[in-house]
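The values are calculated or read from the model by the stated rules, or taken from the named source; none is laboratory data. Please read all numbers here as calculations on a predicted model, not as lab measurements. FYI the Cβ positions are ideal-geometry reconstructions off the backbone, even for glycines, and counts take in every protein chain you see. Ligands, DNA and RNA are excluded from the accessible area calculation, which covers all protein heavy atoms including side chains. Shrake-Rupley method; radii C 1.70, N 1.55, O 1.52, S 1.80 Å.
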Amino acid sequence: MAATPKIELRGVTKSFGDNAVLTGIDLQVAAQESLVIIGTSGCGKSVTLKCLNGLITPDSGSIKIDGVEILGEGRAAIENLRRRFGMTFQFGALFDSLPIWENVTFRLRQQQKLSKSAAREIAVATVTDLGLAPHVIDQYPAELSGGMQKRVALARAIADKPEILLFDEPTSGLDPITGGVIDRLIIDAVKRLGATTVTISHDMASVRRIADKVAMVHNGVILWCGDVADMDNSGIPEVHQFVHGLAEGPLTQAYPATKKAQG
């Protein structure tokens, strides 16, 4: 008997006014598997992620965690569900007015009574696991480099040891070396936690490093999903164009030649 997927989406749809963003998303993610979602800007990748963790309510469809339906549940159930998730956002979304130790332990302190000393200990342990010096916990986000802010965002996502991790463009804005470091930290953190991960990424080098499976969203559905090793041989022109970053192909045929020439 096949194991129950950790995450399962069936026929998930979402429109904003007349704009149908998701028209029937079907996805399965096994426990401790790393799925990366790719696709052109505005195709619905972030909306899919936000539907998954309850930030956006789909118009229809089914979303199950460990075989249990989560759509249609009340606010309390959704809040309990979110405690099982950790998430990093594309631009970090750190609280500028809070020192790093308060950023890292923010959600933990919302969920349980923690003394300042206990919270600081957790923050130090978490950031040092990610290669940051202990004294960083007393600094503020604006005092850190982009790469350090990404590490802090990862520390916040994993501080309460979630079952499922969601990453929205974890290497965006980083140079290739720093991006590679962040990927390695993600891989190591996921292994320590035994977590299941869903990541959005445009960075194909990163995709190749962190993915077990890859899914491409196009026209509101999953156009292709398979093992990362099969990504280069999908046989689907849209996937081939996106994966290899080609200027010519079905993804850009809708643009007039003048727009292409202007970049």
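Using a Förster distance of 51 angstrom, determine the FRET efficiency expected from the C-beta separation of residue 41 and residue 133, and round it to 0.05. Intermediate results must be reported in sequence, preceding the final value.
On the way: r = 36 Å, r/R0 = 0.71.
Using R0 = 51 Å, I get an efficiency of 0.90.
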Exercise. Does a label point 7 Å from the Cα of residue 125, set along Cα-to-beta-carbon, have any residues of region 155-179 with amide nitrogen under 18 Å, and which are they?
Worked result: 155-163
For this session: Please list, or write none, the lysines whose alpha carbon is within less than 23 Å of the alpha carbon of residue 150, excluding same-chain residues fewer than 8 places away.
Result: 45, 50, 161, 191
Problem set entry | Backbone N under 14 Å from the residue 31 label point (7 Å along Cα→Cβ), restricted to region 48-86 | 65-68
Exercise. Counting Lys and Arg as +1 and Asp and Glu as -1, what is the net charge of the other residues whose Cβ lies under 12 Å from the Cβ of residue 88?
Worked result: +1
For this session: Working from Cα positions, state the angle (0 to 90°, nearest 10) between the long axis of helix 176-193 and the longest principal axis of the chain.
Result: 70
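Counting other Cβ atoms within 10 Å, which trypsin sites (Lys or Arg not before Pro) in region 96-134 have at most 13 and lie in a DSSP loop? Numbers along the way, then the final one.
Values: sites: 107, 109, 113, 116, 120; in loops: 113.
Of the trypsin sites (Lys or Arg not before Pro), the ones in loops of region 96-134 whose Cβ has at most 13 other Cβ atoms within 10 Å are 113.
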Seminar exercise, completed: Among 34, 60, 115, the residue with the largest mean-square fluctuation in a Gaussian network model of the chain built from Cα contacts under 10 Å is 115
Exercise. Dipole size in debye (nearest 20) for region 200-253 around its Cα centre, Lys and Arg Cβ +1, Asp and Glu Cβ -1?
Worked result: 120
Seminar exercise, completed: Asserting the computed 222 nm helical MRE of the chain (DSSP H runs at least 4 long, -39500 (n - 2.57) per run, divided by residue count, to nearest 500) equals -10000 deg cm²/dmol
For this session: Whole Å is fine, so just give me how far the alpha carbon centre of region 11-60 lies from that of region 149-189.
Result: 21
Problem set entry | Size of charge dipole - region 1-110 - debye, nearest 20, with Cβ of Lys, Arg +1 and Asp, Glu -1, no other charges | 200
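Mind checking the full-extension length gain between residue 18 and residue 112? Use 0.36 nm per residue of separation minus the Cα-Cα distance, one decimal, nm. Mind dumping the intermediate values first?
Numbers: separation 94, 0.36 × 94 = 33.84 nm, distance 4.22 nm.
Stretched fully, the residue 18-residue 112 segment lengthens by 29.6 nm.
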Problem set entry | Point-charge dipole on Cβ atoms (K/R +1, D/E -1) for the chain, about Cα centre, debye to 20 | 580
Seminar exercise, completed: Restricting to aspartates and glutamates and to Cα separations under 13 Å from residue 64, and discarding same-chain partners fewer than 8 apart, the set is 8, 26, 73
Exercise. Which one of 40, 171, 196 has the biggest mean-square fluctuation once the chain is modelled by GNM with Cα springs under 10 Å?
Worked result: 40
Seminar exercise, completed: For the chain, longest principal axis from Cα atoms; helix 116-129 axis from its Cα atoms; angle between them, nearest 10 degrees, is 50
For this session: Go through 99, 220, 152 and say which Cα lies farthest out towards the positive end of the charge dipole of the chain; charges sit on Cβ, +1 for Lys and Arg, -1 for Asp and Glu.
Result: 99
Exercise. Using a 1.4 angstrom probe and counting only protein chains, how large is the accessible area of residue 66 in Å², to 10?
Worked result: 70
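At a 1.4 Å probe radius, which order do 246, 223, 9 fall into by accessible area, largest first?
Working: 246 80, 223 60, 9 5 Å².
Of 246, 223, 9, the descending order of accessible area is 246, 223, 9.
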Exercise. Given 61, 80, 40, which one lies farthest toward the positive end of the charge dipole of the chain, if we put +1 on the Cβ of every Lys and Arg and -1 on the Cβ of every Asp and Glu?
Worked result: 80
Problem set entry | Accessible solvent surface per residue of the chain, calculated while the other protein chains remain in place, 1.4 angstrom probe, Å² | 49
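In region 41-175, carbon and sulfur make up what percent of the accessible area (probe 1.4 Å)? Please report the intermediate quantities before stating the final value.
Working: 3230 of 6330 Å².
Percent of accessible area from carbon and sulfur atoms in region 41-175: 51.
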Exercise. For the residue pair residue 248 and residue 76, what label-to-label distance in nm results when each label sits 7 Å from Cα along the Cα-to-beta-carbon direction?
Worked result: 6.2
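What does the charge count around residue 22 come to, taking other residues whose C-beta lies under 9 Å from its C-beta (Lys +1, Arg +1, Asp -1, Glu -1)?
On the way: positive: 14; negative: 59.
With Lys, Arg at +1 and Asp, Glu at -1, the net is 0.
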